[in-house]
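The block underneath contains the structure these notes are about, expressed in structure tokens.
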Amino acid sequence: MGRRRAPELYRAPFPLYALQVDPRAGLLIAAGGGGAAKTGIKNGVHFLQLEQINGRLSASLLHSHDTETRATMNLALAGDILAAGQDAHCQLLRFQVHQQKGNNKAEKAGSKEQGPRQRKGAAAAEKKSGAETQREGVELRVENLQAVQTDFGPDPLQKVVCFNHDNTLLATGGTDGYVRVWKVPSLEKVLEFKAHEGEIEDLALGPDGKLVTVGWDRKACVWQKDQLVIQLHWQENGPTFSSTPYRYQACRFGQVPDQPAGLRLFTVQIPHKRLRQPPPCYLTAWDGSTFLPLRTKPCGHEVISCLNVSESGTFLGLGTVTGSVAIYIAFSLQCLYYAREAHGIVVTDVAFLPEKGRGPELLGSHETALFSVAVDSRCQLHLLPSRRSVPVWLLLLLCVGLIVLTILLLQSAFPGFI
């Protein structure tokens, strides 16, 4: 596939590491920062308003939340609550969007006809107060809730966080190899167990309460609370490389399209060590109830850095350490879209535009939209055009026409055939 140029949606004043999309208000939430080092690079969570302008999807800064000396490395979203992994801690944030009516500031803004300049002024006011940001009659407020330390390794770092299906619990994993489960929003710890020797790379909570973890020890495990249910083996029905050790990099649950009760698990396998001639990485789809591998396909020689699944379970989004972004069909694991080195540096997170709420309105005529962020501080947009399909009636008409043509040809070649 040729090189694509993905449109740049937003550029932050700091490296970006995490991404979420709120479908209710049409918000894109990007977070990152420079950490505690005194480099002058800030840390924050930016709330961007997604809009369709002249048929194009655009994003503008609605609110900037300062996280002081802590860079946000991972995010999970549950309604109006964000769980942000900041160093060895998990910080809960609550955000609320209000539409202001009859506001004097909004009336003044409407009379000036200088939208972009007005937004800069609002951003400057927010920078001074740090409390809230207003834009064209929209007000967003962010409140710090509970925070708790979630990792206790020698160099503690929370690497992943996710909510359960009803948003009453969240699970965290980090460098010490422990999974810890917390109540929301009190962050009271309800479960703790050692899942891996070494770092936990990723984890996913299923709707039936099962938890999947992948770690630096090259294992992928399915847990029911703290009891090991099964250990996954992706090469049972796939390729084998005796001299190339692989490890699991990411895991995500996804729905089965057109099957409300269906569930799939998707994992990414990458070479455990960097080689001069890197072997391919692999995508595996698993049955969500038996956890048996259904199919495994190679997904290129670039090392995969992140994985996400669309809300309907139709598409998979991948980012690589070399900055490329790809969209795959979840059913066949076939690549539909590939933007080579879209960022030029490691892609840290990808997220699909949800298919509910304001998602269809923002998507327009495209089949899906994938957002990507990277250490280069940029958020990019990857649009998949709708695949044209032939109507059933036209197929039937073509079949009837083909049959008639065949009969006429036979009649002309063999008189008296009919």
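The values are calculated or read from the model by the stated rules, or taken from the named source; none is laboratory data. Note that the structure is a prediction, hence the values are computed from the model and not measured. Using ideal geometry, Cβ is built from the backbone for each residue, glycine included, and neighbour counts are taken over all protein chains shown. For accessibility, only protein heavy atoms count, side chains too; no ligands or nucleic acids. Shrake-Rupley method; radii C 1.70, N 1.55, O 1.52, S 1.80 Å.
Here are some notes:
- When the Cα positions of Pro280, Leu292, Phe315 are compared along the charge dipole of region 265-338, Pro280 comes out farthest toward the positive end, with charges on each C-beta of Lys, Arg, Asp and Glu.
- A cut-off of 5 Å between modelled amide H atoms, ignoring neighbours fewer than 5 places along the same chain, links Glu367 with Leu384, Ser386.
- In the chain, the portion of solvent-accessible area held by carbon and sulfur atoms comes to 53 percent [1.4 Å probe, whole percent, DNA, RNA and ligands not counted].
- Cβ-placed point charges (K, R +1; D, E -1), dipole of the chain about Cα centre in debye, nearest 20: 1040 debye
- When Ser324, Ser377 are compared by accessible surface with a 1.4 Å probe, the order from highest to lowest is Ser377, Ser324.
- Under Karplus coefficients 6.51, -1.76 and 1.60, residue-wise ³J(HN,Hα) of region 356-370 in Hz, glycine/proline x: 10, x, 8, x, x, 5, 6, 6, x, 8, 8, 7, 7, 9, 10
- Solvent exposure of the chain as accessible area per residue, Å², 1.4 Å probe: 50 Å²
- Note on Gln224 and Gln334: the model spin-label points, each 7 Å out from Cα along the C-beta direction, lie 3.8 nm apart.
- For the pair Glu197 and Ala36, the difference between a 0.36 nm per residue extended length and the Cα-Cα distance amounts to 55.2 nm.
- Ordered from largest to smallest accessible area (heavy atoms of protein chains, 1.4 Å probe), the residues Tyr282, Tyr178 come out as Tyr178, Tyr282.
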